[in-house]
Amino acid sequence: RSQESRERLSVCSKLCYAVGGAPYQITGCALGFFLQIYLLDVAQVDAFYASIILFAGRVWDAITDPMVGFFISKTSWTRFGRLMPWIMFSTPFAIISYFLIWFVPDISTGQVMWYLVFYCAFQTLVTCFHVPYSALTMFISREQSERDSATAYRMTVEVLGTVLGTAIQGQIVGKVDTPCVGSPFFFGLTNSSVAMEELNMTHDTGSLTDTRNAYMIAAGVIGGLYLLCALILLLGVRERRESSELQSDEPVSFFQGLKLVMNHGPYIKLIAGFLFTSLAFMLLEGNFALFCTYTLGFRNEFQNILLAIMLSATLTIPFWQWFLTRFGKKTAVYVGISSAIPFLIAVVVLDSNLFVTYVVAVAAGISVAAAFLLPWSMLPDVIDDFKLQHPSSHGHEAIFFSFYVFFTKFTAGVSLGISTLSLDFAGYQTRGCSQPGQVNFTLKMLVSAVPVGLILLSLLLFKLYPIDEEKRSKNKKALQDLRAESNSSSESDNTELASIV
């Protein structure tokens, strides 16, 4: 009991740790919801090249995760820790590169390269922040209950970060009307679900200066929040080396560790399940702004609909934390993620209606909260299970977290690139007040049919995940016994050495 008491984290420590997760979510949400429509309608990048930027940026983002995980595993411990220096030095450069993503350069050629370079640069730098931050979960306490509690704090703040990202970006940009171009040629092709009054939008082909300035103001505000959250994390959390390691541990090389990790069955099954879940919500996130603007005809409401999703997710995180402790994490996965399916179907089957859309947004937010919380709550269980099977191998926390993120980001990049390319093939019109019927049909597929199929597939895969509540309890007890045995052995060796001296 005294050992557990020493391992308990204060509420202040948990809050400071949780705040560190906000920068990744604030910037990620702003980019996820708004970058596609920004490139197409504000920067006026051709849809084909926009798909290349989004695809290449996401894939590069995925590649950097295991790279950063490798370099972290080679990093020596300092008086600040092994993970904290990465967070400290990446922050200022990440803020600069993020701001430049939302700047439209006054150049006739090379615009595509500008966005590609700074998008990839930001993804690299934010990875240097987020991979060590994610692995920090294993270094704040060795008590499973304390890590779960800190994870719940973190998920609540991270979903709040998505609310901030959506609100700041959406409300600042939403105050400015982006001029669009209407063409009578498309009036007959436009899907009937688009409100007729949207077809009478301004034909203004003039400057987009006000809209571009709004995007830069939003980027400046988000950059300031990024810096503030990083400072709170660095000043309020102590990285504990002893929290993760057993005293009998011997170091193992990165590639040996990678081989061990990738051969660990529960990890692969967990990744497979959340891989398809992440794909579903990434497709919904990346195309929902366009879907609301063109297919539903809510050009002036889409930022508020996105905000409703994120607010709903934030408010239901505590519910899902209670649910998983009461009924188990696997049950929470089945109930939480599947709850979005009927509403995703309803939003495209029913006629365009603002009230129905808000109801769907709130329901989708409830499911988003479960998708946010559960993978990060389940990963530490997998790592504990791995430690019991490989008690002499340590230091692989960054590999577990970075490769989980790698697989989800890589496939998300592929799906987002393909979805933008699909819009190009369907005949997407840059700055159009309305879109052809083929584009509206494509958007319906991307925010409803495909995500529903991916969610159903992920639920089937979760049936194979072996760590239920009974297994978790056994692992916790076995790990406590192993640590006690390790500490007892170390104390015995020290006593014997003292008697010899």
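The values are calculated or read from the model by the stated rules, or taken from the named source; none is laboratory data. Here the structure is a predicted model, which is why all the values come from computation and not from measurement. Cβ atoms come from the backbone with ideal geometry, glycine included; neighbour counts cover every protein chain shown. For the accessible areas, the whole protein counts, side chains as well, though only heavy atoms, and no ligand, DNA or RNA atoms are used. Shrake-Rupley method; radii C 1.70, N 1.55, O 1.52, S 1.80 Å.
Some points to look at:
- For the listed peptides 256-267, 43-54, a ranking on the average number of other beta carbons within 10 Å per residue, highest first, reads 43-54, 256-267.
- In Å², nearest 10: area of F93 left accessible to a 1.4 Å probe: 120
- Between N263 and F425, the modelled label-to-label distance comes to 4.1 nm, taking each label 7 Å out from Cα in the direction of the beta carbon.
- When each of K409/K444; K74/K476; K269/K330; K330/K463; K330/K409 is checked by Cα-Cα distance, pairs over 20 Å: K409/K444; K74/K476; K330/K409
- Kirkwood hydrodynamic radius computed over region 253-482 comes to 19.1 Å, based on all pairs of distinct alpha carbons.
- Per residue convex hull volume, Cα atoms of region 273-360, in Å³: 95
- Amide H to amide H distances under 5 Å link G432 with V181, where only residues 5 or more positions off or on other chains count and H is placed in the peptide plane.
- C-alpha center-to-center spacing [region 338-355, region 364-426] in angstrom: 27
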